[in-house]
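Right, one structure below, let's go through it.
The values are calculated or read from the model by the stated rules, or taken from the named source; none is laboratory data. Worth saying up front: this structure is predicted, and the values here are computed from it rather than measured. Positions of Cβ are backbone-derived with ideal geometry, glycine not excepted, and every protein chain shown enters the neighbour counts.
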Amino acid sequence: MAAVRRYFGTDGVRGEAGKPPLTPEFVLRLGQAAGAYFRQESPRPVVLLAKDTRESSDLLEAALAAGLMSQGVRVEHLGVLPTPGVAHLTRRLGATAGAMISASHNPYQDNGIKFFGPSGEKLPDEAEEAIEALLDEAHPTRGIGTVGDFREAERMYMDFLLEHAPDLTGLKMGLDLAHGATYRVGPKVFQRAGAEVMAFFNTPDGRNINKGCGSTHPEALSRFVVELGLDLGIAFDGDGDRVQFIDRKGRLFHGDHILYLTALAFGEPGVVGTVMSNMGLEVALRERGLAFHRAQVGDRYVLEMLKEKGLHLGGEPSGHVIFRRHHTTGDGLLSALLTLKALKRLGGDLSEWYERLPMYPQVLLNVRVEDKARVMEDPRLKAAIEEATRRLAGRGRVSVRPSGTEPLIRVMVEAEEGAEAVAQELARVVEALARG
């Protein structure tokens with residue numbers, strides 16, 4: 001049986017900056033433990049370290065770097081760079097590991113740390129468990145590590161992205177950079193590919209990351225696209241691993257649409273989604289003779305199933321899409337470029353493809369709870385889920401799951417009709433159980 005991890009969740013260590021576990025003291029210890037682990041992997045380890053734009057990232061970056069260097073690790077600072085840029089450069093440069101300081105789409109008060117192995121993939125569970133075990137040990141200084149600023153990071157990442165960019169000459173687009181890690185590199189990439197770019201939410205101040213903007217709040221971008229007569233809009237999240245599109249009519253063209261369009265354009269034999277993927281995607285793919293598989297929510301689980309099934313395209317409605325032929329992790333900028341390449345290959349615009357993929361009505365409710373495990377294990381919740389599923393009688397789906405990054409239980413219901421009522425009933429059950 002796998003060890004129970006105390007700090008690492010589905011996407012690294014995450015929490016409110018300055019409070020346990022994300023205090024500078026803990027992050028220093030985490031750096032020491034990670035450094036000790038990387039020393040076991042390489043006699044002269046090198047770790048690439050990047051961050052997003054939230055105000056706490058500098059402090060946590062300094063603490064993590066100090067811990068790593070105390071174990072003789074060479075730290076190369078990449079500066080502000082999207083998470084998938086760290087993954088790419090870790091593999092491209094042959095580094096021992098990469099580390100990203102970010103809480104992705106969460107508000108600025110939160111932050112997190114995730115590690116990548118030399119392959120450019122997130123560290124496997126057993127590596128995170130080993131680092132947690134080392135946290136309990138004392139780690140005296142094992143050499144003096146050094147630090148450098150790798151000034152070619154942004155250029156090398158952009159070169160990689162532009163290798164996969166179609167000619168975007170004549171395309172007028174709006175970019176929502178979420179005041180996050182894509183705020184510099186994003187506009188440059190699309191401009192160099194030939195697009196006429198209007199950049200929005202690209203002035204980070206440390207506290208405005210994801211605030212009313214980005215892939216989780218694309219409403220403003222939707223208005224801009226329609227009011228300014230743009231061809232489309234593209235929204236990223238705070239660390240740049242997710243992407244959502246807006247079509248010229250202001251509608252959200254999300255991860256399920258991206259999977260459908262790119263699967264057809266690139267001749268993929270099958271797709272991996274998650275339990276949150278819409279039934280409309282599943283039905284449409286199977287009508288085309290393409291396999292569809294559901295993984296747990298989380299890009300690491302999507303990647304695991306892609307490998308298991310021998311497939312190369314998978315993702316989530318949130319816009320975290322993995323093109324395994326090109327990258328080891330979800331990359332919002334790469335996903336956007338490949339989606340536009342697929343569009344050029346098949347013809348039409350986003351609004352036409354939006355209409356070619358009818359979606360089942362879906363309701364998602366987030367219920368805040370203190371003890372997610374207790375509520376999820378309660379037999380009364382399981383009975384309520386079974387009753388809701390019975391009521392839908394094969395004409396819809398129910399998914400009730402704990403968030404991997406926030407103190408929430410997510411209640412999702414999709415059905416040809418009645419989804420709202422069923423979701424509200426389940427949410428009330430969760431709320432009652434949360435109160436005890």
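Taking Gln424 as meeting all but one of (1) more than 30 Å from Val225 (Cα to Cα); (2) polar (S, T, N, Q); (3) outside any helix (DSSP H, G or I), write down the number of the exception.
Every condition holds for Gln424 apart from (3).
Answer yes or no as to whether Gly148 is assigned to a loop (DSSP other than H, G, I, E, B) and of a type outside the set (Lys, Arg).
no
Assess whether Asp247 counts as being in the same structural domain as Lys341 (by TED's automatic domain parsing) and under 22 Å from Gly314 (Cβ atoms). Explain how you work it out, then say what you get.
On the way: in the same structural domain as Lys341 (by TED's automatic domain parsing): yes; under 22 Å from Gly314 (Cβ atoms): no.
So Asp247 does not fit the description; no.
Please list, ordered by first then second residue, the pairs with beta carbon atoms under 9 Å, 6 or more apart or interchain, first in segment 137-162 and on the phi > 0 side of the Ramachandran plot, second buried (at least 17 other Cβ atoms within 10 Å of the Cβ) and part of a loop (DSSP other than H, G, I, E, B).
Qualifying pairs under 9 Å: Gly143/Ser70; Gly143/Gln71; Gly143/Gly72; Gly143/Val73.
Among strands (runs of 3 or more DSSP E) lying entirely in segment 302-409, which contain 3 or more residues that are outside the structural domain of Phe253 (by TED's automatic domain parsing), at pLDDT 95 or above and crowded, with 21+ Cβ neighbours inside 10 Å?
In segment 302-409, no matching strands (runs of 3 or more DSSP E) lie anywhere.
Inside segment 20-56, can you point out the residues that are of a type in the set (Lys, Arg) and surrounded by fewer than 23 Cβ atoms within 10 Å (Cβ to Cβ)? Steps first, answer last, please.
Initially, segment 20-56 is screened for residues of a type in the set (Lys, Arg), giving 29, 39, 44, 51, 54.
Those that are of a type in the set (Lys, Arg) and surrounded by fewer than 23 Cβ atoms within 10 Å (Cβ to Cβ): Arg29, Arg39, Arg44.
Would you check if Met100 is within 16 Å of the chain's Cα centre (by Cα) and outside the structural domain of Leu161 (by TED's automatic domain parsing)?
Criteria met by Met100.
For segment 370-388: of the residues being in contact (Cβ under 8 Å) with a residue 40 or more places away in the chain and over 28 Å from the mean Cα position of the chain (by Cα), which is nearest to Ala423 (Cα to Cα)?
Per the criteria, the residue is Ala384.
Given the options Leu264, Leu281, Leu285, name the one that is in contact (Cβ under 8 Å) with a residue 24 or more places away in the chain, surrounded by fewer than 20 Cβ atoms within 10 Å (Cβ to Cβ) and under 14 Å from Arg356 (Cα atoms).
Leu264
If we scan segment 325-343, do we find a residue that is in contact with a helix residue (DSSP H, G or I) (Cβ under 9 Å, 6 or more places away or on another chain) and farther than 30 Å from Phe116 by Cα?
There is at least one residue in segment 325-343 that is in contact with a helix residue (DSSP H, G or I) (Cβ under 9 Å, 6 or more places away or on another chain) and farther than 30 Å from Phe116 by Cα.
Inside segment 1-116, counting only helices (runs of 4 or more DSSP H) that do not spill past its ends, which hold 1 or more residues that are at pLDDT 95 or above and closer than 30 Å to Val189 by Cα?
57-69, 83-93
Restricting the search to segment 386-411, which residues are of a type in the set (A, V, I, L, M) and out of contact with any strand residue (DSSP E or B) (no Cβ under 8 Å at 6 or more places or on another chain)? Talk me through it step by step, then tell me what you get.
To start, the set of residues in segment 386-411 that are of a type in the set (A, V, I, L, M) comprises 388, 392-393, 398, 400, 408-409, 411.
Hit for segment 386-411 is Ala393, nothing else.
Here is a list of conditions, (1) within 16 Å of Phe236 (Cβ to Cβ); (2) touching a residue at least 60 places away in the same chain (Cβ under 8 Å), and Val86 meets all of them except one; can you say which number that is?
Only one criterion in (1) within 16 Å of Phe236 (Cβ to Cβ); (2) touching a residue at least 60 places away in the same chain (Cβ under 8 Å) is unmet by Val86, namely (2).
Each row is one residue, and each column tells you yes or no for (1) closer than 24 Å to Leu338 by Cα; (2) touching a Ser or Thr at 6+ places or on another chain (Cβ under 9 Å); (3) crowded, with 19+ Cβ neighbours inside 10 Å.
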{"site": "Pro118", "(1), (2), (3)": "no, yes, no"}
{"site": "Ala130", "(1), (2), (3)": "no, no, no"}
{"site": "Ala138", "(1), (2), (3)": "no, no, no"}
{"site": "Val147", "(1), (2), (3)": "no, no, no"}
{"site": "Glu163", "(1), (2), (3)": "yes, no, no"}
{"site": "Lys188", "(1), (2), (3)": "yes, no, no"}
{"site": "Arg192", "(1), (2), (3)": "yes, no, no"}
{"site": "Ala195", "(1), (2), (3)": "yes, yes, yes"}
{"site": "Gly212", "(1), (2), (3)": "no, no, no"}
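Can you find a residue that is buried (at least 23 other Cβ atoms within 10 Å of the Cβ), hydroxyl-bearing (Ser, Thr, Tyr) and either closer than 17 Å to Gly112 by Cβ or free of Cβ contacts under 8 Å to residues at least 24 places away in the same chain (or both) anywhere in segment 4-19?
no
Do you know which of the residues in segment 252-294 that are assigned to a helix (DSSP H, G or I) and among the β-branched types (Val, Ile, Thr) is farthest from the chain's Cα centre (by Cα)?
Looking at residues that are assigned to a helix (DSSP H, G or I) and among the β-branched types (Val, Ile, Thr), I get Val283.
Quick one: Met158 ticks every box in (1) buried (at least 24 other Cβ atoms within 10 Å of the Cβ); (2) of a type outside the set (D, E, K, R); (3) assigned to a helix (DSSP H, G or I) bar one, so which box is it?
Every condition holds for Met158 apart from (1).
Among the numbered conditions (1) β-branched (Val, Ile, Thr); (2) touching a residue at least 12 places away in the same chain (Cβ under 8 Å); (3) closer than 21 Å to Met359 by Cα; (4) not in a loop (DSSP other than H, G, I, E, B), tell me where Val297 comes up short.
Of (1) β-branched (Val, Ile, Thr); (2) touching a residue at least 12 places away in the same chain (Cβ under 8 Å); (3) closer than 21 Å to Met359 by Cα; (4) not in a loop (DSSP other than H, G, I, E, B), only one is false for Val297: (4).
Is it the case that segment 66-86 has a residue that's touching a Pro at 6+ places or on another chain (Cβ under 9 Å) and surrounded by fewer than 17 Cβ atoms within 10 Å (Cβ to Cβ)?
There is no residue in segment 66-86 that is touching a Pro at 6+ places or on another chain (Cβ under 9 Å) and surrounded by fewer than 17 Cβ atoms within 10 Å (Cβ to Cβ).
Would you call Gln71 farther than 25 Å from Ala178 by Cβ, in contact with a helix residue (DSSP H, G or I) (Cβ under 7 Å, 6 or more places away or on another chain), of a type outside the set (Gly, Ala, Ser) and assigned by TED's automatic domain parsing to the domain that holds Gly98?
Working: farther than 25 Å from Ala178 by Cβ: yes; in contact with a helix residue (DSSP H, G or I) (Cβ under 7 Å, 6 or more places away or on another chain): yes; of a type outside the set (Gly, Ala, Ser): yes; assigned by TED's automatic domain parsing to the domain that holds Gly98: yes.
The answer is yes for Gln71.
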